[in-house]
Amino acid sequence: IDRVQPMTGIVLWNDNASGLAALGDDVQLEFAYFKYSDVVTGPGIYNWAPVDARLASAAARGHQMIVRFHDTYPGHTTISIPSHVANAADHVIGYQSVEGEQTFVPDWRSATLRTFILDFYSKFAQRYDLDPRLAFLQVGFGSYAEYHLWDGPLTLGRTFPSKAFQQQFLEHLGATFAQTSWSLSIDAASATYSPFSAVSSLRQLRFGLFDDSFMHETHSSSNSEYNRASWLFFGNTRYQESPAGGEFNYYSDYDQAHVLDPNGPWGRSFESFASQYRISYMIGNDQPGYQTRARIRQAAMATGYAFRITALSSDGECVQMSVRNEGVAPIYYDAWPAVDGHRLGTSLKGLLPSAERSASACIGPHAIASLTVAIESDRLVPGQQIQFNASLP
């Protein structure tokens, strides 16, 4: 393994042309925000061209996308929901002060709005659930879709969805996406404005987590520290089925400038945090301005999975292979050990760190000395490759 693996690493925004050009394949994931109104222009009228354009541009670079739709963005007064929803009889267009700036905030009393949101993700899943250009979907409500309305008037059922609708929404996503991994902000741990504390069964849904203030000064200083407690609320084993990610915090310019220093900004390296939280990806859009390409590659390669073939045997007809995951997290889509183009019978999806899995298949007569070995996945875009190390007796 000599490069960043697909669906892992340090993430740049899709419109960061200079950063993407500078880092090349040392980036494997790109990120983009959308408003719901970017896609839906009228009742039942979905124009996916803006999303397709972002996915296509990333795929052309051999990368995949992380996508997030937001209903509220502090300082933005542009209406984020379709006009037929905003102007519905049961929706009142309103603006609130959020983080000290005038901001459009949707009216969650509106049944038209709530119905639209559910329908939107149904349509999104129909189109993109199996699309290899999409690695992960992030979802949420409130500011930046990060499941809070910090420094804003958070009123359940009005400026923020009611707990009942949140439950309906989460269960809907769980039933709608068959393959694509979707994630929530760790802020959804709040007992004040999210339903998870009251409805414990919601934590059984398969969703990942993202932490958008990663590695701030007191992050994980104790189990009761906000970020650490929020991660723990959702359980230590969630990474086994769904990805853990986030974004380097913007609490200070100092944090951004030093977050990838060998000892981090506050005495702990990114690698130690990545191992602790089983991180698959971390948005670090400003890092090309602070760190060398080599350091960004090094940090990126400390995330996600890393496969090693530990055994490979053949009798000239049948093949058996064993693979260990030496990374910090699993791969979240099917990936198949393959020999001479034949996929062996066991996927590596969900193979935990330090665990090993064996696979075998009878592929017909072959020359042992010239076997071609690979790890294949249908969730890759052209140009991507899952690498492996090998240590064979």
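The values are calculated or read from the model by the stated rules, or taken from the named source; none is laboratory data. Model, not experiment: these values are computed from the prediction. Counting neighbours? That spans all protein chains shown, and the Cβs are built from the backbone with ideal geometry, glycine included. Areas reflect the complete protein model, heavy atoms only, side chains present, ligands, DNA and RNA absent. Shrake-Rupley method; radii C 1.70, N 1.55, O 1.52, S 1.80 Å.
Consider Gly152 carefully, then state whether it is open to solvent by 10 Å² or more (accessible area, probe 1.4 Å) and within 16 Å of Glu241 (Cα to Cα). It would help to see each step written out before you state the result.
Values: open to solvent by 10 Å² or more (accessible area, probe 1.4 Å): yes; within 16 Å of Glu241 (Cα to Cα): no.
So Gly152 fails the test.
Thr41 - would you say it is closer than 26 Å to Phe104 by Cβ, in contact with a Pro (Cβ under 8 Å, 6 or more places away or on another chain) and open to solvent by 50 Å² or more (accessible area, probe 1.4 Å)? Steps first, please.
On the way: closer than 26 Å to Phe104 by Cβ: yes; in contact with a Pro (Cβ under 8 Å, 6 or more places away or on another chain): yes; open to solvent by 50 Å² or more (accessible area, probe 1.4 Å): yes.
Yes.
Answer yes if at least one residue in region 310-329 is polar (S, T, N, Q), open to solvent by 40 Å² or more (accessible area, probe 1.4 Å) and under 25 Å from Arg206 (Cα atoms), and no otherwise.
Initially, region 310-329 is screened for residues polar (S, T, N, Q), giving 310, 313-314, 320, 322, 325.
Narrowing the set further to residues that are open to solvent by 40 Å² or more (accessible area, probe 1.4 Å) leaves 313, 320.
Next, only the ones that are under 25 Å from Arg206 (Cα atoms) stay: none.
No; the residues of region 310-329 include none that is polar (S, T, N, Q), open to solvent by 40 Å² or more (accessible area, probe 1.4 Å) and under 25 Å from Arg206 (Cα atoms).
Quick check on my filter: what residues within region 126-143 are open to solvent by 20 Å² or more (accessible area, probe 1.4 Å) and either more than 22 Å from Tyr46 (Cα to Cα) or among the basic types (Lys, Arg) (or both)?
Of everything in region 126-143, those that are open to solvent by 20 Å² or more (accessible area, probe 1.4 Å) and either more than 22 Å from Tyr46 (Cα to Cα) or among the basic types (Lys, Arg) (or both) turn out to be Arg127, Arg133.
Give the residue that is surrounded by the fewest Cβ atoms within 10 Å (Cβ to Cβ), with candidates limited to residues of region 203-237 that are under 20 Å from Tyr332 (Cβ atoms) and of a type in the set (A, V, I, L, M, F, W, C).
Leu205
Give me the residue from region 266-296 that is part of a loop (DSSP other than H, G, I, E, B), touching a residue at least 24 places away in the same chain (Cβ under 8 Å) and open to solvent by 10 Å² or more (accessible area, probe 1.4 Å) and, out of that set, nearest to Val67 (Cα to Cα). Before the answer, list the steps.
Kept after step one, since they are part of a loop (DSSP other than H, G, I, E, B), are these residues of region 266-296: 266-269, 278, 280, 284-286, 290-292.
In the following step, the residues that additionally are touching a residue at least 24 places away in the same chain (Cβ under 8 Å) were identified as 266, 268, 278, 280, 284-286, 290-291.
Narrowing the set further to residues that are open to solvent by 10 Å² or more (accessible area, probe 1.4 Å) leaves 266, 268, 278, 285-286, 290-291.
On the way: Trp266: 30, Arg268: 29, Arg278: 21, Asn285: 15, Asp286: 18, Tyr290: 25, Gln291: 25 Å.
So, considering only residues that are part of a loop (DSSP other than H, G, I, E, B), touching a residue at least 24 places away in the same chain (Cβ under 8 Å) and open to solvent by 10 Å² or more (accessible area, probe 1.4 Å), the one nearest to Val67 (Cα to Cα) is Asn285.
Is it the case that region 306-317 has a residue that's assigned to a strand (DSSP E or B) and touching a helix residue (DSSP H, G or I) at 6+ places or on another chain (Cβ under 6 Å)? Full working, then the answer.
Within region 306-317, the subset assigned to a strand (DSSP E or B) is 307-314.
Okay, now just the ones that are also touching a helix residue (DSSP H, G or I) at 6+ places or on another chain (Cβ under 6 Å), so 314.
Yes, region 306-317 contains at least one residue that is assigned to a strand (DSSP E or B) and touching a helix residue (DSSP H, G or I) at 6+ places or on another chain (Cβ under 6 Å).
Among (1) farther than 30 Å from Ser201 by Cα; (2) open to solvent by less than 40 Å² (accessible area, probe 1.4 Å); (3) within 23 Å of the chain's Cα centre (by Cα), there is one condition Met301 misses while meeting the rest; what is its number?
Of (1) farther than 30 Å from Ser201 by Cα; (2) open to solvent by less than 40 Å² (accessible area, probe 1.4 Å); (3) within 23 Å of the chain's Cα centre (by Cα), only one is false for Met301: (2).
Give Ser190, Ser185, Ser252 a once-over and let me know the one that is buried (at least 21 other Cβ atoms within 10 Å of the Cβ) and not basic (Lys, Arg). Please lay out each step first, then the result.
Working: Ser190 fails: buried (at least 21 other Cβ atoms within 10 Å of the Cβ); Ser252 fails: buried (at least 21 other Cβ atoms within 10 Å of the Cβ).
Checking each option against the conditions leaves just Ser185.
How many residues does region 348-381 contain that are open to solvent by 40 Å² or more (accessible area, probe 1.4 Å), closer than 17 Å to Trp336 by Cα and part of a loop (DSSP other than H, G, I, E, B)?
So the answer is 4.
Taking Tyr239 as the residue in question, decide whether it is within 22 Å of Ser183 (Cβ to Cβ) and at pLDDT 95 or above. First the steps, then the outcome.
Working: within 22 Å of Ser183 (Cβ to Cβ): yes; at pLDDT 95 or above: yes.
Yes; evaluated as a whole, the condition is true for this residue.
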